[in-house]
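Working notes for the structure below.
Nothing in this text is a laboratory measurement; each read-out follows from the coordinates by a stated rule. Nothing here was measured: the structure is a model prediction, and the numbers come from that model. Don't worry about glycine lacking a Cβ; one is built from the backbone with ideal geometry, like all the others, and counts go over all protein chains shown.
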Amino acid sequence: AWRTENYYRYIIDELGREVTRNGVAVVGVSGGIDSTVTALIGKKLFGDKLISVFVDHGLLREGERELVVSSLEKLGLNPLIVDAGERFISKLEGSTDCEERRRVIGEEFARIFSEIIEKEGAEYFLQGTTYPDIIESGGTRKAASVIKSHHNVGGLPEWFRGRVKILEPLRFLYKDEVREIARLLGVPREIIERHPFPGPGLAVRITGIFTKKKLDVCRRASKIVEDVLGEYGLYSRVWQAFAVVGDDRWVGVKGDARSHGYIVTVRIVESVDGMTADYSKIPYDVLDEISRRITNSIQDVTMVTYAITSKPPSTIEPC
Ligand code: XMP
């Protein structure tokens, strides 16, 4: 724990020397551990000159917004809430390429934040970028290839970078180190134990064409995956667990009728840092419960599959 405490002090000292103390700073908070710790560091540095902003891009998990806002309020980070679902979704509908969606979402985030930065006359923008984000976006010491453009690194457009000073206090830390700092700072368990969730949200869990319908199926099925794992006491033992919806169909029989329904792919992985991951050897009865609940409660789903490939060669998210 002393190591964690030292890291934390080091970050505060380093940044403390760099920034103007009574400058205004903006931080985007998602309720994830990275942005929460970043916001708490921001609060330490800027006090009430820190503006926390929660953007609801309409691509969140079920119930996420309410949960996140209430946990952040408990930490004294009362976020400004930007209700931007329509703004994002209308730009994504019909798009078929995940990377393009990441770009569109990154651009829209940047636009929202720059409006706030301008309005508040902010000098700084804090981001919860961690070391794996940097590596996976190609910015590594060893210059690995670009795997995916994680929007919180590659996706911030040039025009935005030029407008404000960007602070990334966690850029040399791995997730488990961020978790340790979070514990040190008294971040509640519901935030520390939540699974990592990509900035572009459910948009990268829909393969093929992006539609509101698939988004709805993805959201409801993901909720079931998380709920069932929770009921079996497995939620905190896995790194991520979610549902993916694509364009392939499977013929189903519901009552007398044959119908072409969606195929939902369940992905549950175990990992330490997200860089490599094993698919989780979930007991069959848990998978069975997940499958039944999905097909029983979501009308248009006729098949549930389980993803049994580790990373590498797969990635965790489908696209
Ligand atoms: P992959 O799919 O590359 O994911 O194996 C590794 C970790 O990164 C997360 N991820 C993202 N996070 N923006 C993010 O903020 C993104 O575009 C993005 N894509 C993947 C993924 O959830 C996993 O934890």
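Annotation: amide H of residue 277 within the under-5 Å range of 311, sequence separation 5 or more or interchain, hydrogens built in the peptide plane.
By the count of neighbouring beta-carbon atoms within 10 Å, fewest first, 234, 215 end up ordered 234, 215.
Apply 1/(1 + (r/R0)^6) to the Cβ-Cβ distance of residue 166 and residue 315, taking R0 = 22 Å, and write down the FRET efficiency to the nearest 0.05. Present the calculation step by step, with values, prior to reporting the outcome.
Working: r = 26 Å, r/R0 = 1.19.
So, using R0 = 22 Å, E works out to roughly 0.25.
Measuring between alpha carbons in the structure, the pairs from 43/223; 43/74; 119/212; 213/311; 175/213; 74/223 lying more than 22 angstrom apart are 43/223; 119/212; 213/311; 175/213; 74/223. A simple rule links phi to the HN-Hα coupling: the Karplus curve 6.51 cos²θ - 1.76 cosθ + 1.60 with θ = phi - 60°, which for the stretch 86-92 gives 4, 4, 6, 4, 4, 7, 9 Hz, with x for Gly and Pro.
Which parts of the stretch 40-67 would a label at residue 12 reach, counting a residue when its backbone N lies under 19 Å from a point 7 Å out along Cα-to-Cβ? Hits in the stretch 40-67 for residue 12 at 19 Å: 40-51. With θ taken as phi - 60° and the Karplus curve 6.51 cos²θ - 1.76 cosθ + 1.60 applied, the whole-hertz 3J(HN,Hα) list for the stretch 66-76 is 5, 4, 5, 4, 5, 5, 5, 4, 4, 8, x Hz, x standing for glycine and proline. Taking the chain, the Cys residues with no second Cys beta-carbon under 4.7 angstrom are 218.
Bridges between two residues of the chain, per DSSP, are antiparallel at a rate of about 45%.
Using C-alpha pairs below 8 Å separated by at least 6 residues, the relative contact order for the chain is 16 percent.
Using only alpha carbon pairs under 8 Å that are at least six residues apart, calculate the relative contact order of the stretch 8-109 and give it in whole percent. Intermediate results must be reported in sequence, preceding the final value.
Values: 110 pairs, mean separation 23.8, N = 102.
Relative contact order comes out at 23 percent.
Along the stretch 187-196 the Karplus relation, 6.51 cos²θ - 1.76 cosθ + 1.60 evaluated at θ = phi - 60°, assigns HN-Hα couplings of 5, x, 3, 4, 8, 4, 8, 5, 5, x Hz to successive residues, with x for each Gly and Pro. Calculated FRET efficiency, residue 190 and residue 91, Cβ-Cβ r, R0 35 Å, to nearest 0.05? So, using R0 = 35 Å, E works out to roughly 0.65. Each residue in 81, 224 was given a count of other beta-carbon atoms within 10 angstrom of its own, and listing them fewest first yields 81, 224.
List residues of the stretch 238-262, by number, whose backbone nitrogen lies under 15 Å from a label position 7 Å along Cα→C-beta of residue 216. Counting only backbone N, you get 262. Taking the square roots of 5 times each eigenvalue of the Cα gyration tensor of the chain, largest first, gives ellipsoid semi-axes of 35, 21, 18 Å.
Quick check: from the Cα gyration tensor, does the stretch 1-147 come out rounded (a/c under 1.5), prolate or oblate?
Numbers: a/c = 1.68, a/b = 1.24, b/c = 1.35.
Here the stretch 1-147 falls in the oblate category.
Full extension of the chain between residue 237 and residue 66 yields a length gain of 59.1 nm, computed as 0.36 nm times the residue separation minus the alpha carbon distance.
Computed over every Cα-Cα pair of the stretch 206-306 and binned at 5 Å starting from 0, the pair-distance distribution P(r) comes out as 2, 13, 24, 23, 18, 12, 6, 1, 1, 0 percent. For residue 26, the residues whose amide H sits under 5 Å from its own are 51, 124, 125, 126, ignoring neighbours fewer than 5 places away on the same chain, with H placed 1.01 Å from N.
For the chain, what does -39500 (n - 2.57) per DSSP helix run (n ≥ 4), summed and divided by total residues, give at 222 nm, in deg cm²/dmol to the nearest 500? Before the final figure, lay out the partial values.
Working: 11 runs with 131 residues, N = 319.
It lands at -12500 deg cm²/dmol.
Taking the longest Cα principal axis of the chain as reference, the axis of helix 33-46 is set at about 20 degrees. Dividing the mean sequence gap of close Cα pairs (under 8 Å, 6+ apart) by how many residues the stretch 206-306 holds gives a relative contact order of 28 percent. By the count of other C-beta atoms within 10 Å, a proxy for reagent exposure, 105, 166, 263 are ordered fewest to most as 166, 263, 105.
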